[in-house]
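Notes to accompany the following structure.
The values are calculated or read from the model by the stated rules, or taken from the named source; none is laboratory data. Computed from a predicted structure; not experimentally measured. Ideal geometry is used to build each Cβ from the backbone, glycine not excepted, and the neighbour counts take in all protein chains shown. Quick note on the areas: whole protein, heavy atoms, side chains included, nothing else; ligands and nucleic acids left out. Shrake-Rupley method; radii C 1.70, N 1.55, O 1.52, S 1.80 Å.
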Amino acid sequence: MQKLYLKNQVESTNPLNMPKDTIAAIATASGAGGIGIVRISGAAAKDIASNILGTCPAPRHAAYLDFKQADGDLIDRGIAIYYPNPHSYTGEDVLELQAHGGTALMQILLARCISLGARQAEPGEFTRRAYLNDKIDLAQAEAVADLINAATTEAAKSAVRSLSGEFSQRINTLLLKLIDLRMFVEACLDFPEEEIDFITQGRVAEKLAAIIVELSSVFSKAKQGSLLREGISVVLVGQPNVGKSSLMNQLAGEEIAIVTPIAGTTRDTIKNAIQINGVPLHIIDTAGLRETDDVVEKFGIARTWRAAETANIALLLVDASHGITEVEKSILDRLPQEIRKIWVHNKIDVANEAAFVEEKDRATHIYLSAKTGLGLDLLKSQLLKLAGYQDNSEGVFMARARHLEALTQVSLHLNIAAEQIKSAELVAEELRIAQEYLDSITGEFTPDDLLGEIFSKFCIGK
């Protein structure tokens, strides 16, 4: 296994291998605070404690002690906690020094630790060591960063589920069933003249179908978790004065964009993050699309098209009084084919019309008033629907794009195996590939470069 290989290569220069040195970092957020924490992990943690504190605290007991410089000068007085290996976050000896959270004070305390043999930790290195020491698997390690970066309550709940191991348990359950099936199928290869009977008697097709069904359930929960983590990007496009900025303000619940009756008021993209039912939405208001000689407005229009290229959903705003004209059709033609689209017919308040949703010409049309907010709930519901949101978030765990890609590949190869069920050789090969993709989620088989990329995005001190 990849992780076992890493552990056996302790003499290698690869930074992902099991380290022998001691690391230290400020574990609290940058800036002044009531309390700041310096965390140390490694074999020298106990000696560092003795030098700074004059003693090493009893394991897992908070001790109120002086933190001192080499010459005996007082740095601060605070709480010290020592966690001997393997009963610590990283699986190594860990020392945490809790002092007053002054910016300069934290740097002085960290410098003292480094002078005693520790080195500055890299981003995510504490969690990386926890992973390499089998304290957590890779999916749980990623959930640590996701919990820290969670932008909504639902996202935080999902990250906690992944951190507690719910996602990993579901993956491991699938993995055990897949391995069991794979072992049976490969045993069939020893009796090629009877392989069809073995496949039939072993209920391979039935077991494979059950795994595919269970995989579908896991994928559904993971996709929902990915939505809570990543959110969706929504770009507002249309001619000038159709109400894009007014709609932006309604969705944001505050005056984010300037609204005037003058065409071309919005000359640049304006971004704002909101949430609907715990799902983050990144709303982008754009410059009105029209022919213009204004150099600044031209730059804004160019940015509008660039924003549309990277968005998940485009809201095409039109004035409800005249509907979709040739200009709107030309805008539609220029939008990327893969982007999901909703036609928003604004200003229904002018004609005193009711808000409603209709499906026509294979497109969704919403009639609303960005000025009064009438019909805004209909729009929010459609946005969640297009994003794939499900009302029942119970059991949803945090997932990343790489998890979804791996699960997609597992599904692909399991379905190929089902199609080739009469050939034990082909079934065995597809099951082997599917197992490798499942293993990559929890980190049993994960390339070094991917591990480096994952942990490099963590904050320092975690």
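Residues are listed down the side, and each one gets a yes or a no for (1) touching a strand residue (DSSP E or B) at 6+ places or on another chain (Cβ under 6 Å); (2) modelled with pLDDT under 90:
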{"position": "LYS3", "(1), (2)": "no, yes"}
{"position": "GLN9", "(1), (2)": "no, yes"}
{"position": "SER12", "(1), (2)": "no, yes"}
{"position": "PRO15", "(1), (2)": "no, yes"}
{"position": "LYS46", "(1), (2)": "no, no"}
{"position": "ALA49", "(1), (2)": "yes, no"}
{"position": "THR55", "(1), (2)": "no, no"}
{"position": "ALA58", "(1), (2)": "no, no"}
{"position": "ALA62", "(1), (2)": "yes, no"}
Contact list please: Cβ distance under 7 Å, first residue in segment 172-200 and loosely packed, with under 12 Cβ neighbours inside 10 Å, second residue at pLDDT below 85 and part of a helix (DSSP H, G or I), pairs at least six apart or on different chains. PHE191/PHE198
List every residue pair whose Cβ atoms sit under 8 Å apart, with the two residues 6 or more apart in sequence or on different chains, where the first one lies in segment 435-456 and is within 27 Å of LYS177 (Cα to Cα) and part of a helix (DSSP H, G or I) and the second, anywhere, is aromatic (Phe, Trp, Tyr) and modelled with pLDDT under 70. GLU436/PHE445; ASP439/PHE445
Across segment 64-97, what is the total count of residues that are open to solvent by 20 Å² or more (accessible area, probe 1.4 Å) and hydrophobic (A, V, I, L, M, F, W, C)? 6
What's the number of the condition GLY124 fails, among (1) closer than 30 Å to GLU453 by Cβ; (2) in contact (Cβ under 8 Å) with a residue 12 or more places away in the chain; (3) open to solvent by 40 Å² or more (accessible area, probe 1.4 Å)? (3)
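If you take the residues of segment 208-241 that are of a type in the set (Gly, Ala, Ser), open to solvent by less than 30 Å² (accessible area, probe 1.4 Å) and under 16 Å from the mean Cα position of the chain (by Cα), which of them is farthest from PHE184 (Cα to Cα)?
This residue is SER233.
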Kindly list, by first and then second residue, each pair from a residue in segment 342-370 that is on the phi > 0 side of the Ramachandran plot to a residue that is outside any strand (DSSP E or B) and crowded, with 19+ Cβ neighbours inside 10 Å, limited to pairs with Cβ atoms under 7 Å and residues at least 6 apart or on different chains. LYS347/GLY243; LYS347/ALA320; LYS347/SER369
Condition check for ARG340: under 30 Å from GLY225 (Cβ atoms), basic (Lys, Arg), open to solvent by 20 Å² or more (accessible area, probe 1.4 Å) and in contact with a strand residue (DSSP E or B) (Cβ under 9 Å, 6 or more places away or on another chain): yes
Name the single residue, out of those in segment 396-427 being part of a helix (DSSP H, G or I) and open to solvent by less than 10 Å² (accessible area, probe 1.4 Å), that is modelled with the lowest pLDDT. ALA424
Of everything in segment 366-383 that's surrounded by fewer than 19 Cβ atoms within 10 Å (Cβ to Cβ) and not polar (S, T, N, Q), which residue is nearest to the chain's Cα centre (by Cα)? LYS380
Just checking, does segment 107-119 include any residue being among the basic types (Lys, Arg) and within 26 Å of SER226 (Cβ to Cβ)? no
Pick out, from segment 16-93, the strands (runs of 3 or more DSSP E) lying fully within it that include 2 or more residues that are within 29 Å of the chain's Cα centre (by Cα) and farther than 13 Å from ARG112 by Cβ. 23-26, 33-41
